[in-house]
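Before any comments, here is the structure.
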Amino acid sequence: MRTESATETEGLGERLGSDLEPGDVVLVRGELGAGKTTLIRGACRALGVTEPVTSPTFTIGQRYAGRIPVSHLDLYRLADLDDEDPALLEDYLTPGVVAFVEWPAAAEPRLESVTRRVTLKHAGGDAREIIVWPG
Ligand code: ADP
Ligand code: MG
């Protein structure tokens with residue numbers, strides 16, 4: 001898929017989010033500024049989150065209340081989890097949440113099931129190429 005604006009990417013996220021159920025895990029890849037958080041913002045809205053959805057800055061993640069509770073992780077700074085407390089992820093990947101993981105590489109070996117994988121790529125100006133698998 002191709003989007004031409006942040007609003008369109010948010011809309012795509014909203015459609016993705018409306019299909020998700022408790023326990024689902026969505027991995028979101030792409031360079032800085034590709035639109036990962038923007039897409040997750042739309043998905044969160046579909047899940048009933050009303051508070052602002054921004055990049056977690058000082059922690060690896062945030063939790064939001066919603067129709068379904070949401071965890072939003074950003075593992076940009078984590079090279080791997082071998083030196084980390086195993087509870088780090090467990091604080092967020094609790095039963096019943098929908099989880100979105102930006103920069104998921106470090107967590108991937110520990111994730112038992114992944115519902116969807118999203119990749120965003122810059123495609124010139126405000127355009128983005130977005131792949132959702134399975135679509
Ligand atoms: P990431 O989380 O991947 O680092 P963000 O979602 O935080 O990216 O930021 C994406 C930035 O790019 C925002 O400033 C957004 O307004 C802008 N933008 C421009 N065009 C698009 C688009 N088509 N899709 C998503 N974001 C876009
Ligand atoms: Mg981000």
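Overview of results
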quantity: Complete set of residues in the range 57-80 that are part of a loop (DSSP other than H, G, I, E, B) and either touching a Leu at 6+ places or on another chain (Cβ under 7 Å) or among the polar types (S, T, N, Q) (or both); calculated: T57, T59, I60, G66, R67, I68
quantity: Residue in the range 47-60 that is surrounded by fewer than 18 Cβ atoms within 10 Å (Cβ to Cβ), more than 30 Å from E4 (Cβ to Cβ) and more than 16 Å from ligand 2 (Cβ to nearest atom) present; calculated: no
quantity: So L111, is it more than 16 Å from ligand 2 (Cβ to nearest atom), over 16 Å from L12 (Cβ atoms) and free of Cβ contacts under 8 Å to residues at least 60 places away in the same chain; calculated: no
quantity: Residues satisfying the stated conditions in the range 64-88, i.e. under 17 Å from the mean Cα position of the chain (by Cα) and among the acidic types (D, E); calculated: D74
quantity: Restricting the range 108-135 to residues that are under 22 Å from D19 (Cβ atoms) and among the hydrophobic types (A, V, I, L, M, F, W, C), the residue that is nearest to ligand 1 (Cβ to nearest atom); calculated: L120
quantity: Criterion: crowded, with 16+ Cβ neighbours inside 10 Å, at pLDDT 95 or above and outside any helix (DSSP H, G or I) - qualifying residue of A43, A34; calculated: A34
quantity: Hey, V53 near ligand 1 (Cβ under 10 Å from one of its atoms), among the aliphatic types (A, V, I, L, M) and free of Cβ contacts under 8 Å to residues at least 60 places away in the same chain or not; calculated: yes
quantity: The range 1-31 - residue that is of a type in the set (S, T, N, Q) and away from ligand 2 (no atom under 13 Å from the Cβ) and, of those, surrounded by the most Cβ atoms within 10 Å (Cβ to Cβ); calculated: T3
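The values are calculated or read from the model by the stated rules, or taken from the named source; none is laboratory data. Keep in mind that this is a model prediction, so the values were computed, not measured. Using ideal geometry, Cβ is built from the backbone for each residue, glycine included, and neighbour counts are taken over all protein chains shown.
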